[in-house]
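Chemist: The structure that follows is given in the form of structure tokens.
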Amino acid sequence: MLVLLHHGESQWNLENRFTGWVDVGLSPKGEEEARAAGELLKGYHFDCLFTSVLKRAIDTATIVCAAAGFTNLTPVEDKALNERLYGALQGLNKAETAKQYGEAQVKIWRRSYDVRPPEGESLADTAARVLPYWESAIYPRLLEGKNVLVVAHGNSLRALMMKLDNLSKEQVVELNIPTAEPIVYTFNDKGAIEGKKVL
């Protein structure tokens with residue numbers, strides 16, 4: 001079993017700012033969202049926990065584990081799971097940026113597969129670090145029959161779900177992953193996906 005979790009609302013999510021690799025913490029609402037996710041995951045068992053190196057993901061994982069009673073999990077942190085680097089947009093207000101560059105351009109920067117924001121990463125660039133890490137570190141655990149929890153970011157999870165759900169470049173534009181809603185994938189003994197649900 002694989003559970004993907006987008007971290008709880010961050011302070012910059014709250015302020016509607018592009019965050020990327022800026023290491024901001026959770027908002028009070030984000031902490032509550034993480035606790036609620038932990039409550040939803042009570043009764044589940046995990047063998048492995050993977051997070052990015054950014055504290056909004058690490059803190060979400062810590063709160064989830066405390067709320068769910070997972071005392072045996074030590075997070076494996078890796079920058080491969082970091083959010084997209086938003087480059088020159090980092091720290092800017094999304095609404096003001098849309099006024100300056102136009103809604104359509106900002107949607108392309110935020111959602112498209114292979115268009116980079118200025119000095120930043122496209123989703124394709126993000127996938128180029130997420131997917132090798134999936135193949136080398138995460139997927140082998142699933143093949144061993146382990147239950148895996150991944151706490152990461154909107155775009156690193158979009159890159160992974162594009163592969164898991166066989167989404168096209170056009171389909172991934174519309175994929176939005178809400179904060180702190182556990183997405184559960186089940187696998188058969190050959191490593192193929194059998195089922196998917198959102199808790």
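Chemist: Does the range 42-77 hold any residues that are out of contact with any Leu (no Cβ under 7 Å at 6 or more places or on another chain) and surrounded by 21 or more Cβ atoms within 10 Å (Cβ to Cβ), and which are they?
Modeler: Of everything in the range 42-77, those that are out of contact with any Leu (no Cβ under 7 Å at 6 or more places or on another chain) and surrounded by 21 or more Cβ atoms within 10 Å (Cβ to Cβ) turn out to be Leu54, Ala57, Ile63.
Chemist: List the strands (runs of 3 or more DSSP E) inside the range 1-95, counting only whole elements, that have at least 2 residues being touching a Cys at 6+ places or on another chain (Cβ under 7 Å), at pLDDT 95 or above and among the aromatic types (Phe, Trp, Tyr). Before the answer, list the steps.
Modeler: Numbers: elements: 2-6, 48-51, 75-77.
Answer list for the range 1-95: none.
Chemist: Between a first residue in the range 161-173 that is of a type in the set (Lys, Arg) and a second residue that is assigned to a helix (DSSP H, G or I), which pairs have beta carbons less than 7 Å apart while being 6 or more apart in sequence or on different chains?
Modeler: Lys163/Leu131
Chemist: So the check is Cβ under 7 Å with 6+ separation or different chains; which pairs have a first residue in the range 10-35 that's within 15 Å of Thr51 (Cα to Cα) and open to solvent by 40 Å² or more (accessible area, probe 1.4 Å) and a second one that's modelled with pLDDT of 95 or more and among the basic types (Lys, Arg)?
Modeler: Asp23/Lys55
Chemist: With respect to the numbered conditions (1) in contact with a Lys or Arg (Cβ under 8 Å, 6 or more places away or on another chain); (2) surrounded by fewer than 17 Cβ atoms within 10 Å (Cβ to Cβ); (3) under 30 Å from Cys48 (Cβ atoms), which one is the sole condition not fulfilled by Ala80?
Modeler: (2)
The values are calculated or read from the model by the stated rules, or taken from the named source; none is laboratory data. Being a predicted model, the structure only gives us computed values, none of them experimental. For neighbour counting, all protein chains shown are included, and Cβ atoms are generated from backbone atoms with ideal geometry for every residue, glycine included. Remember, those area values only see protein heavy atoms, side chains included, never the ligands or the DNA or RNA. Shrake-Rupley method; radii C 1.70, N 1.55, O 1.52, S 1.80 Å.
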